[in-house]
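Worksheet: one structure, shown below.
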Amino acid sequence: MNKTDSPLKKLITSNLYTRYSNILSISDISLFLLDTNGDILLEFIPSPDFCTNVCQERDKKVCPDYICQLENDKEGRFVCHNGLENILSPIIVKDKTIGYIAGMQVYSKDNEHKKYMIDIYDFKKSENANLEFIAKSISSLKTVESKKIKIQEQLCNQIARNISLDLSENINNSNQDIEKLSIEKDILEKKIIDLEAKNMSLAVNPHFLFNTLNCIARIAYFENSHTTEELIYCLSDLLRYNLKQDSQLHTIGAEINNIEKYLYIQKVRFKSRLEYEIDVPEDLKSYKIPNMVIQPIVENALIHGIAPKRDGGKISIYAEKYNNEIVISIMDNGNGFPKDVLINIQQSENKSGLGFRNTDKRLKRYYGKQYGLKIVKSDYSGSTVTITIPTQPIAR
């Protein structure tokens with residue numbers, strides 16, 4: 001292919017990062033913009049220290065393994081000589097490759113052993129680098145599941161396609177196509193969030209899991225272990241509900257039923273240290289809500305509010321209708337969120353805030369920006385979190 005990179009240099013002066021910030025916030029795997037010479041024009045998500053400071057021969061220039069791929073006009077996934085998964089997704093404008101979305105730089109489960117085969121003394125000799133730094137940078141390299149690698153590959157490919165469309169549209173000055181690009185971006189955001197949610201599901205065959213749990217429950221029944229039997233049936237129902245992918249919207253009643261099973265299991269675990277109360281009027285239970293939006297809030301109340309207290313506490317869930325809105329409140333009388341956890345939830349920088357952030361995004365996606373999740377209070381008297389949805393379905 002004929003290659004040129006001049007449009008990309010203009011592109012990085014625009015709000016390129018801001019446009020994809022919502023999508024990128026759900027990933028912690030490296031992703032960057034390359035020109036056809038291997039120069040890094042923009043880092044969306046930084047590369048590991050090992051790749052940046054040990055393997056790259058100079059600043060803002062990819063390592064020799066990438067250069068080799070570029071010189072041979074190759075694209076797609078490849079494994080570097082150190083065993084790391086990488087990707088090159090081409091940005092094509094008018095049949096010309098003008099750059100790449102690249103990155104990943106993680107170990108798959110199959111290749112993780114190669115991390116321990118890296119000879120740090122080779123780098124010491126060639127790079128004259130600090131041995132301790134090299135060893136630490138190698139140990140910090142991530143190993144991720146194949147599902148997450150595939151999600152990252154889809155993300156790279158879609159961003160590359162969107163940038164290709166964007167540049168083509170700028171050339172053709174087509175407002176109609178630009179609107180189409182925006183729609184595709186929204187679709188991509190939803191797809192990535194859904195894939196992330198699915199990636200947290202169990203990898204075990206669900207039928208095998210449920211059959212095994214039911215078998216154990218029957219044994220508990222014949223042994224007169226009725227509490228054990230009830231626990232197993234609750235866990236089976238809980239897992240079955242969590243794994244449902246048949247519908248994005250469930251009834252509030254189904255959500256509450258799922259929460260009751262979750263809290264029953266936790267009650268057996270915490271005994272007198274946990275009390276709970278659920279008050280949701282029957283006339284509100286038929287309204288639809290995205291599945292699995294209440295459990296992350298209840299789980300956080302238990303982990304950060306009730307569990308740290310010596311005497312435990314109480315979780316209350318109730319729902320009310322105000323004009324054209326339904327407000328579901330999750331309250332606890334625990335210690336409140338620790339300051340660092342609250343900051344992480346608000347900034348969405350790590351897993352502490354992932355359940356809150358994804359829940360809020362899903363609600364806003366279904367109902368609009370004025371709806372969603374809100375932390376009403378969090379102090380030493382406890383926490384209150386609300387979920388607000390409309391009583392009327394929103395046209396989507």
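Just flag the trypsin sites (Lys or Arg not before Pro) in the range 28-71 sitting in loop per DSSP whose Cβ has no more than 15 other Cβ atoms within 10 Å. Before the final figure, lay out the partial values.
Details: sites: Arg58, Lys60, Lys61; in loops: Arg58, Lys60.
Listed in order of number, the matching sites are Arg58, Lys60.
If you add up the charges near Tyr322, with Lys and Arg at +1 and Asp and Glu at -1, over every other residue whose beta carbon is less than 15 angstrom from its beta carbon, what do you get?
Working: positive: Lys321, Lys374; negative: Asp283, Glu320, Glu325.
That sum, taken over residues with Cβ under 15 Å, equals -1.
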Given the pairs Lys142/Lys314; Lys261/Lys309; Lys148/Lys374; Lys285/Lys374; Lys339/Lys364; Lys114/Lys150, which span a C-alpha to C-alpha distance of over 31 angstrom in this model? Lys142/Lys314
Restricting attention to the range 279-327, which trypsin sites (Lys or Arg not before Pro) occupy a DSSP loop and are surrounded by at most 15 other Cβ atoms within 10 Å? Lys285, Lys309, Arg310
Which ³J(HN,Hα) values, rounded to whole Hz and listed in residue order, are derived for the range 276-286 from phi using the Karplus coefficients 6.51, -1.76 and 1.60 in 6.51 cos²θ - 1.76 cosθ + 1.60 with θ = phi - 60°, glycine and proline given as x? 8, 9, 10, 9, 10, x, 4, 6, 9, 5, 7
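No lab work stands behind these numbers, since they all come straight from the coordinates. Given the structure is predicted, the values throughout are model-derived calculations rather than measurements. Don't worry about glycine lacking a Cβ; one is built from the backbone with ideal geometry, like all the others, and counts go over all protein chains shown.
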